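Undergrad: Have a look at this one.
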């Protein structure tokens with residue numbers, strides 16, 4: 001039984017690909033060794049960079065996720081060093097756990113996030129699902145309350 005089948009909770013607003021991507025990358029941040037608050041900030045930052053057409057390196061900002069250095073390390077089979085515990089900036093604004101809570105969790109509702117959304121995404125990631133394979137199917141039945 002999935003988390004969605006075990007509850008009648010509904011999100012406050014529609015669940016976007018952006019929300020799924022932010023949560024997916026929050027989990028990736030945890031896997032990379034980030035603490036929970038920084039993983040939330042990282043997930044939000046990655047989602048915003050990609051949504052904005054990412055990959056461009058702005059002055060004074062860290063390179064977008066999956067940059068040349070990370071790709072080279074993966075191709076060479078090197079173990080990735082633990083990431084720095086710092087907030088990524090977008091337009092001078094730190095992408096923090098508090099911002100994740102406001103822009104992702106509060107938008108859909110904390111109960112829905114904790115009981116349905118986060119556990120379902122985590123379960124898909126544990127199964128080895130890629131973001132692309134889950135982004136639409138996982139949210140198809142999550143319709144907001146009216």
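Undergrad: Set the Förster distance to 25 Å, then compute FRET efficiency between residue 85 and residue 31 from the Cβ-Cβ distance, nearest 0.05.
TA: After rounding, the FRET efficiency stands at 0.95.
Undergrad: In nm, give the distance between the simple-model label positions of residue 12 and residue 102, each being 7 Å from the Cα along the Cα-to-Cβ direction.
TA: Calculated label separation equals 1.3 nm.
Undergrad: Sort 120-128, 103-111 by the packing proxy (mean of other Cβ within 10 Å over each peptide's residues), most packed first.
TA: The densest-packed peptide leads the list: 103-111, 120-128.
Undergrad: What is the distance, in nm, between label points placed 7 Å from the Cα along the Cα-to-Cβ direction at residue 115 and at residue 146?
TA: Here the answer is 2.1 nm between the modelled labels.
Every number in this text was worked out from the coordinates using simple rules, so none of it is lab data. Since we're looking at a predicted model, the values are computed, not measured. Cβ atoms come from the backbone with ideal geometry, glycine included; neighbour counts cover every protein chain shown.
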